[in-house]
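Novice: Sharing a structure here in structure tokens format.
The values are calculated or read from the model by the stated rules, or taken from the named source; none is laboratory data. Predicted, not measured: the structure shown is a model, and the values here were computed from it. Quick reminder, even Gly has a Cβ in these numbers, built from the backbone with ideal geometry, and neighbours come from all protein chains shown. The area values use the complete protein model at the heavy-atom level, side chains included, leaving out ligands, DNA and RNA. Shrake-Rupley method; radii C 1.70, N 1.55, O 1.52, S 1.80 Å.
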Amino acid sequence: GSEASRRWMVARGLWSAHESIASGAEFASHLWVNSGCTAESPTCPPAPDSKWECYGSANWTTDDQAWCRSVGSVGCTEYAQNDGSPDMESCNQCGCCRRAIDPDLSGPTATCCVTFNDLYLNFTITSDLQQCAGALASQMNGETITSTTSTETTTEAPTTTPRSTTTPLPPCPETLPRQEKTEAIEASVARARQRLEDAEADFQTTGYSRMVSPKDWHGEVAYSIFVDRFANGDITNDGLNLQDFQRDILEKGEAWNIDSWRHGGDLQGVRGRLRYLHRIGITVVSLSPIFHNGRGEYHGSCTSDPTSVDSGFGTNELLRDLTREAHALGMRVVLDIQVNQACGRRLEYEAGLQDIDRVTACIEDYEKEYWNASRDDAMSDSNRNKLAWGGDVHPDLRHQEFFTRCGPKGMYIPGSVSGQLQVEEARLWADSSDAKHFNTLDTAFQEVYTDMLKYWIAFADVDGFRVQGASTVSADFTAYLSTQTRVY
């Protein structure tokens, strides 16, 4: 797959012969580097242990046997008639045998520099050894080295106001009378609208111009970036918003579960690679989730606050600068957003353990509401849990009505339905793991959450969203979100 990708890019002039991509498959353990310091692979892959194997039986026709004796090689495979020698023992009693050709890799040699352009896959091969290490190149040229200075630099993020952890929060809605609960939700709707207007005004003060959205995305070349594992451009934020277990391990000086750590990739790292991405023909930079994740998970895929960039990745202002610089290079920026659930430390049900019958009844209540076109029937809270918020979820999302509160989908026991409908019910209304599922039937939630996402169009001029969890929300919210963001 990696070689096919390389050839595709080279054939279209998007890569030179010196650029390639490594395979992420577990069985892949080699990179091709030839004596011209390019990534071109041999016509046939090496097969040092290739053995003869059966291709045709001894009962083949005279013409078939004649073909086997005379054909020699076809592509990367050699054919021969079974002569009964020890070398062909692995061909058993077959009349015609074949084996993979082991190419001759002898020839001139060269010392090449391989630079990896992100933490994993893309790389460039060059004969300019200074690109790898000036000191090493000088030593190979016979020079005496007295001191060296690393050419690798990091850039501090722009000075901005950090995400406040002391902002006064509105009263928790569940402590208010029913009428005031409605007023609290309306206040959240109003704040979301105002946040959008403020972002529009703030963008005007920057003097930046907005990039026109494309009429058609089919001709774009997208590069999907897993931000934490791409490039570390600002080492000063490496210790921010880490998971508790990673802090404990780092304090002990031990390296357990390193695959679940935050590795330090950030928006400044992406920003520093924009010219490289432009040079290889990329037109859309697609970022993995970057919003505030209260649990500090490296993947960021369970958002706590969709209005703030996670401190381990950067700041809101840094995202705006990154987007502006991408636009200057003719590239667009797409954000990965999650629309089905929220996560946070101590975001949990007050009642603790769930009841299977209650979880099932709650989901069935939602199904009745979902398929009732008029939606005149008010849902009872009797089968729904009550959430304790913790400190991570955005204040304007802290409304009981904004969450389904049925419980974990593993405790749902469907009654009269089966098959696909049964799967849909659990996915639409139940919680996944310890994340809490949004009630996307609530029209106030639809408006608040959509305005929170439109904020990034207003504030940073991002070009689009990759919607995560779209199959686990109600169809009316999918339609509302898609239409609102597209028109905006």
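Novice: Out of the residues in the range 218-243 meeting the condition of being touching a Lys or Arg at 6+ places or on another chain (Cβ under 9 Å) and of a type in the set (Asp, Glu), tell me which one is modelled with the lowest pLDDT.
Specialist: If we take residues in the range 218-243 being touching a Lys or Arg at 6+ places or on another chain (Cβ under 9 Å) and of a type in the set (Asp, Glu), then ASP238 is modelled with the lowest pLDDT.
Novice: Which of the strands (runs of 3 or more DSSP E) found entirely inside the range 1-101 contain at least 1 residues meeting this: open to solvent by less than 30 Å² (accessible area, probe 1.4 Å) and free of Cβ contacts under 8 Å to residues at least 40 places away in the same chain?
Specialist: Fully inside the range 1-101 and qualifying: 77-81.
Novice: Is it true that CYS113 is over 28 Å from GLY36 (Cβ atoms), in contact with a strand residue (DSSP E or B) (Cβ under 9 Å, 6 or more places away or on another chain) and modelled with pLDDT of 85 or more?
Specialist: Here the answer is no, as CYS113 does not meet what is asked.
Novice: Conditions: (1) surrounded by 14 or more Cβ atoms within 10 Å (Cβ to Cβ); (2) touching a residue at least 60 places away in the same chain (Cβ under 8 Å). SER213 meets all but one. Number of the miss?
Specialist: (1)
Novice: Out of the residues in the range 462-488 that are closer than 28 Å to ALA328 by Cβ and among the aromatic types (Phe, Trp, Tyr), state the one that is most open to solvent (accessible area, probe 1.4 Å).
Specialist: Only one residue fits best here, namely TYR488.
Novice: Right, here's the next one. Being surrounded by fewer than 20 Cβ atoms within 10 Å (Cβ to Cβ), out of contact with any strand residue (DSSP E or B) (no Cβ under 6 Å at 6 or more places or on another chain), at pLDDT below 85 and not acidic (Asp, Glu), is that true of even one residue in the range 387-410?
Specialist: Yes: the range 387-410 contains one or more residues that are surrounded by fewer than 20 Cβ atoms within 10 Å (Cβ to Cβ), out of contact with any strand residue (DSSP E or B) (no Cβ under 6 Å at 6 or more places or on another chain), at pLDDT below 85 and not acidic (Asp, Glu).
Novice: Moving to a separate point now. For the range 45-63, give me each residue that is out of contact with any strand residue (DSSP E or B) (no Cβ under 6 Å at 6 or more places or on another chain) and over 23 Å from PRO103 (Cβ atoms).
Specialist: Correct list: CYS54, SER57, ALA58, ASN59, TRP60, THR61, THR62, ASP63.
Novice: When only residues in the range 308-350 that are among the aliphatic types (A, V, I, L, M) and in a loop (DSSP other than H, G, I, E, B) count, which is surrounded by the fewest Cβ atoms within 10 Å (Cβ to Cβ)?
Specialist: Among them, the one singled out is LEU329.
Novice: Pull out all pairs, ordered by first then second residue, where Cβ-Cβ is under 6 Å, the residues are six or more apart or on different chains, the first lies in the range 233-250 and is under 12 Å from TRP261 (Cβ atoms), and the second is among the aromatic types (Phe, Trp, Tyr).
Specialist: Hits for this filter: GLN246/TRP261; ILE249/TRP256.
Novice: Next question, about the same structure. With PHE459, PHE445 as the choices, which residue is assigned to a helix (DSSP H, G or I), open to solvent by less than 20 Å² (accessible area, probe 1.4 Å), farther than 22 Å from VAL285 by Cα and touching a helix residue (DSSP H, G or I) at 6+ places or on another chain (Cβ under 6 Å)?
Specialist: When all the criteria are applied, what remains is PHE445.
Novice: Mind listing whichever residues of the range 226-248 are open to solvent by 80 Å² or more (accessible area, probe 1.4 Å) and either among the β-branched types (Val, Ile, Thr) or assigned to a loop (DSSP other than H, G, I, E, B) (or both)?
Specialist: Scanning the range 226-248 gives PHE226, ILE235, THR236.
Novice: Being closer than 23 Å to HIS299 by Cβ, part of a helix (DSSP H, G or I) and touching a Leu at 6+ places or on another chain (Cβ under 8 Å) is the filter here; which residues of the range 465-484 pass it?
Specialist: Residues satisfying the conditions are THR472, LEU481.
Every residue, every condition in (1) within 30 Å of ALA11 (Cα to Cα); (2) of a type in the set (Lys, Arg), yes or no:
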| residue | (1), (2) |
| --- | --- |
| ARG279 | yes, yes |
| SER286 | yes, no |
| HIS299 | no, no |
| ASP310 | no, no |
| LEU318 | no, no |
| GLN338 | no, no |
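Novice: Still on this structure, I have one more. For the structure I just gave you, tell me whether LEU353 is at pLDDT below 95, over 21 Å from the mean Cα position of the chain (by Cα) and surrounded by 21 or more Cβ atoms within 10 Å (Cβ to Cβ).
Specialist: no
Novice: Only one residue in ARG247, ARG295, ARG271, ARG262 is over 20 Å from the mean Cα position of the chain (by Cα) and not small (Gly, Ala, Ser), so which one is that?
Specialist: Criteria check complete, one pass: ARG247.
Novice: Considering only residues that are open to solvent by 30 Å² or more (accessible area, probe 1.4 Å), touching a helix residue (DSSP H, G or I) at 6+ places or on another chain (Cβ under 8 Å) and assigned to a helix (DSSP H, G or I), which ones fall in the range 249-305?
Specialist: SER260, ARG271
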